[in-house]
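Quick notes on the structure that follows.
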Amino acid sequence: VPDLLTSSLPSSSDLKSNGDAKRKRVLRFISEEDKASEKHFIFGQTLGIEVGPEWGKFKNYCLAHAKQYADFEAAFRNWLANAKERKEARHA
């Protein structure tokens, strides 16, 4: 299973020239090219979450609230983790 938490770390070319490990913060809106990845489906499976419906909710949320992210892969991983928490809260 791929390491889902570190799979989108910045490469050395993404780092600032002063050696700071912060990413360049280029925020953008979600696009039609953005999709749930294979890693998301694997992650969702480990969480017991159906990724397809969650991607639709995530995309609609981003569009409805004009959300901009620097990393949609990471944003959707967080969405999936939160979906698991919401699912657990409903069943508690």
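Side notes on the structure shown:
- The residues of segment 54-81 that are part of a helix (DSSP H, G or I), open to solvent by less than 70 Å² (accessible area, probe 1.4 Å) and without any contact (Cβ under 8 Å) to a residue 40 or more places away in the chain, listed by number, are Glu54, Trp55, Gly56, Phe58, Lys59, Cys62, Ala75, Trp79, Ala81.
- Every test in (1) modelled with pLDDT of 95 or more; (2) assigned to a loop (DSSP other than H, G, I, E, B) is passed by Ala92 save one, and that test is (1).
Residues checked against (1) open to solvent by less than 80 Å² (accessible area, probe 1.4 Å); (2) touching an Asp or Glu at 6+ places or on another chain (Cβ under 8 Å); (3) at pLDDT 95 or above; (4) not charged (D, E, K, R):
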{"position": "Val1", "(1), (2), (3), (4)": "no, no, no, yes"}
{"position": "Ser11", "(1), (2), (3), (4)": "yes, no, no, yes"}
{"position": "Asn18", "(1), (2), (3), (4)": "no, no, no, yes"}
{"position": "Ser31", "(1), (2), (3), (4)": "yes, no, yes, yes"}
{"position": "Ser37", "(1), (2), (3), (4)": "yes, yes, yes, yes"}
{"position": "Glu50", "(1), (2), (3), (4)": "no, no, yes, no"}
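- Among the residues making up segment 27-45, a single one is more than 14 Å from the chain's Cα centre (by Cα) and under 14 Å from Leu80 (Cβ atoms): Gln45.
- Subset tally (residues that are in contact with a Pro (Cβ under 8 Å, 6 or more places away or on another chain) and either at pLDDT below 95 or on the phi > 0 side of the Ramachandran plot (or both)) for segment 39-48: 0
- Pairs with Cβ under 6 Å, 6+ apart, first in segment 29-48 and in a loop (DSSP other than H, G, I, E, B), second among the hydrophobic types (A, V, I, L, M, F, W, C): Ile30/Cys62; Asp34/Phe72; Ala36/Val51; Ala36/Trp55
The values are calculated or read from the model by the stated rules, or taken from the named source; none is laboratory data. Because the structure is a prediction, the values reported are computed rather than measured. Glycine gets a Cβ as well: all are built from the backbone with ideal geometry, and neighbour counts include every protein chain shown. Only protein heavy atoms, including side chains, enter the accessible area calculation; ligands, DNA and RNA are left aside. Shrake-Rupley method; radii C 1.70, N 1.55, O 1.52, S 1.80 Å.
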